[in-house]
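The values are calculated or read from the model by the stated rules, or taken from the named source; none is laboratory data. From a predicted model like this one, the values you see are computed outputs, not experimental measurements. Cβ atoms come from the backbone with ideal geometry, glycine included; neighbour counts cover every protein chain shown. All accessible areas refer to the heavy atoms of the entire protein, side chains included, with ligands and DNA or RNA removed. Shrake-Rupley method; radii C 1.70, N 1.55, O 1.52, S 1.80 Å.
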Amino acid sequence: MQADSSQAPLNMSDANHPVSMSFYVILLFAVACGMSVANIYFAQPLLDQLSREFGIDYSFIGMVITITQIFYGLGLLLLVPLGDLLNQRRLIMGQMLLSMLALVIVGTASTSIVLFTGMAMVGLLAVVTQTIVAFAANMAAPAERGRVVGIVTSGIVIGILLARSIAGVLTDLAGWRSVYLVSAALMFLMICMFSKVLPQVERQVKSLSYMQLLGSVFRLFVQERILRIRSVLALLIFADFSILWTSLVLPLHAPPLSLTHSAIGAFGLAGVAGALAAARAGKLADRGYGQKTTGIALSLLLVSWLFISYTEQSLFALVIGIVLLDLAVQAVHVTNQTMILPLRADARSRLTAGYMVFYSIGSAGGSIASTHMYAHYGWGGVSLLGFSVSAAALLFWAMTSRSTAAATT
């Protein structure tokens, strides 16, 4: 049975898995993830326009980003675990429908209160990406799970990298509101496609109350050593990711480079190349090479900062560094998820939620630290910070490599 051939109920189990996902369905999942997560990052290049239109002081307009990220974190804890309790197909469709409405609210906002409310809803509902990842892992045959997760999660990273460029282009063409209204229209199209593609999946789920479900997320950290190790690695690699992408605009926009925002956004394309190249990491993890892949990727992450440190002297060196960094981050991220999702077949949404909380913490911490370092020590300080975090991740991997190998065995 092909995953896109029928909506008849499927009985999923790791012991006897009947489904082999078509590439079309996998690609559709990746696109949906990229679209959903991009909604969080559209506002970053639009803050100036939002400040002028709604009369919000520059010192306060950054709250648009902060509120979105805070509610995204809340969604990871409060909504993603529901994938282990409710029908995942209905949950995904419902969250995407509400996300579409949230985008319309932002795109038609007439006051700052409505804008902030809409942004909060956008952040909260963007976690549908993690429900989609868990659902894809459930649908995929065990032998291909890493490949499927690799492709789907590549969509997330690509969505993050392209969001700023897309927002800039649409704003230049039709104003900032078009960014959210176009995204809402595309989300509606995706809902229609998902209604035809997503199968009804029958699963045996434990009878849990909502509070018990949330509490079990924390118990999983106590019980699963691999989850703890891989979550710490997620925190470190996404801190590195944010250290680069949050502060990169500062030296590129400043003299002597003085690049335009469109030119700066184009560097995201180099990151996309790295993210696409890393999609194969899931295949390697499927074959038992997850630990080796992680070690190689973290070494590349360390090397990437040697190139990135020359940003003010050579944009070519920066491009090399960006490709290496995004390749490394995505390879580790895919490997992490490929290794943790099989731990508990009945708790994949909770495993994803717990893991992604560390991703969120790392991203926020990296953003704050990078701007602080640039303000006090320039791009050299940012590069040293990124190199140090990379070294810490590689050291942590080396220290836990033996115990991880024993646990997976």
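Only residues that are of a type in the set (Gly, Ala, Ser), more than 22 Å from residue 178 (Cα to Cα) and over 19 Å from the mean Cα position of the chain (by Cα) were counted across region 56-114, and they come to 2. Of the residues making up region 250-265, those that are open to solvent by less than 50 Å² (accessible area, probe 1.4 Å) and in a helix (DSSP H, G or I) are 251, 252, 263, 264, 265.
Go through 126, 143, 137 for me and flag whichever is among the aliphatic types (A, V, I, L, M) and open to solvent by 10 Å² or more (accessible area, probe 1.4 Å).
On the way: 126 fails: open to solvent by 10 Å² or more (accessible area, probe 1.4 Å); 137 fails: open to solvent by 10 Å² or more (accessible area, probe 1.4 Å).
Exactly one residue qualifies, and that residue is 143.
Could you tell me how many of the residues in region 1-20 are modelled with pLDDT of 50 or more and either open to solvent by 10 Å² or more (accessible area, probe 1.4 Å) or more than 13 Å from residue 199 (Cβ to Cβ) (or both)?
Matching residues across region 1-20 total 1.
Sub-9 Å Cβ pairs linking a first residue in region 243-262 that is touching a residue at least 40 places away in the same chain (Cβ under 8 Å) and closer than 19 Å to residue 49 by Cα to a second residue that is assigned to a helix (DSSP H, G or I) and of a type in the set (Lys, Arg), at least 6 apart or interchain, are 261/164, ordered by first then second residue.
Residue 60 fulfils the conditions (1) surrounded by 16 or more Cβ atoms within 10 Å (Cβ to Cβ); (2) more than 25 Å from residue 186 (Cβ to Cβ) except for a single criterion, (1). Listed by first and then second residue, the pairs linking a residue in region 157-180 that is closer than 26 Å to residue 356 by Cα and among the aliphatic types (A, V, I, L, M) to a residue that is open to solvent by 40 Å² or more (accessible area, probe 1.4 Å) and part of a helix (DSSP H, G or I), with Cβ atoms under 7 Å apart and 6 or more places separating them unless they lie on different chains, are 167/45. In region 78-98, the condition of being among the small types (Gly, Ala, Ser) and surrounded by fewer than 18 Cβ atoms within 10 Å (Cβ to Cβ) is met by at least one residue. The set of residues from region 175-232 being surrounded by 14 or more Cβ atoms within 10 Å (Cβ to Cβ), among the polar types (S, T, N, Q) and either modelled with pLDDT under 90 or on the phi > 0 side of the Ramachandran plot (or both) comprises just one member, 216. With respect to the conditions (1) open to solvent by less than 10 Å² (accessible area, probe 1.4 Å); (2) modelled with pLDDT of 90 or more; (3) part of a helix (DSSP H, G or I), residue 50 falls short on a single one, namely (2).
Criterion applied to 392, 345 was being assigned to a helix (DSSP H, G or I) and of a type outside the set (Phe, Trp, Tyr), and the one residue passing it is 392. Here region 273-294 is the region considered, the condition is being over 20 Å from residue 341 (Cα atoms) and open to solvent by less than 20 Å² (accessible area, probe 1.4 Å), and the residue that is nearest to the chain's Cα centre (by Cα) is 275. Of all the criteria given as (1) in contact with a helix residue (DSSP H, G or I) (Cβ under 6 Å, 6 or more places away or on another chain); (2) closer than 18 Å to residue 148 by Cα, the one not satisfied by residue 342 is (1).
Residues that are in contact with a Pro (Cβ under 9 Å, 6 or more places away or on another chain) and modelled with pLDDT of 90 or more within region 278-312 comprise 311, 312, listed in sequence order. Please tell me if residue 299 is open to solvent by 40 Å² or more (accessible area, probe 1.4 Å), polar (S, T, N, Q) and assigned to a helix (DSSP H, G or I). Answer is yes for this residue.
Of the helices (runs of 4 or more DSSP H) entirely within region 108-188, those holding at least 3 residues that are over 30 Å from residue 85 (Cβ atoms) and of a type in the set (A, V, I, L, M) occupy 112-125, 145-174.
Taken as a whole, the condition of being in contact (Cβ under 8 Å) with a residue 60 or more places away in the chain, open to solvent by 20 Å² or more (accessible area, probe 1.4 Å) and assigned to a helix (DSSP H, G or I) applies to residue 339.
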